[in-house]
Amino acid sequence: EAMMALQKLPRDSGKTRQRNRCALTGRPHGFYRKFGLSRNKLREVILKGQAPGVVKSSW
């Protein structure tokens, strides 16, 4: 009965089929979970100063 219930679910409802994507561009690669953005857009946001508490590294 449990197997029948699982088979009735849509194919894409499984958690393993979901992919993290950038909130601005929808890009699936280079995704930073903490910000919800891809590396490209994250860099733009940080350089504009729109990400509070994030500063460029310098050593």
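Against the condition acidic (Asp, Glu) and surrounded by 10 or more Cβ atoms within 10 Å (Cβ to Cβ), how does residue 1 come out, does it pass? So residue 1 fails the test. Of the residues making up segment 24-44, those that are surrounded by 14 or more Cβ atoms within 10 Å (Cβ to Cβ), in contact with a Leu (Cβ under 7 Å, 6 or more places away or on another chain) and either at pLDDT below 95 or not basic (Lys, Arg) (or both) are 24, 35, 37. Sub-6 Å Cβ pairs linking a first residue in segment 10-27 that is closer than 25 Å to residue 43 by Cα to a second residue that is modelled with pLDDT of 90 or more and part of a loop (DSSP other than H, G, I, E, B), at least 6 apart or interchain, are 19/28; 21/28; 23/36, ordered by first then second residue. Residues in segment 1-38 that are under 22 Å from residue 50 (Cβ atoms) and among the aliphatic types (A, V, I, L, M): 23, 24, 37.
The values are calculated or read from the model by the stated rules, or taken from the named source; none is laboratory data. Please read these numbers as outputs of a predicted model, since none were measured by experiment. Positions of Cβ are generated from backbone atoms using ideal geometry, with glycine treated the same way; all protein chains shown enter the neighbour counts.
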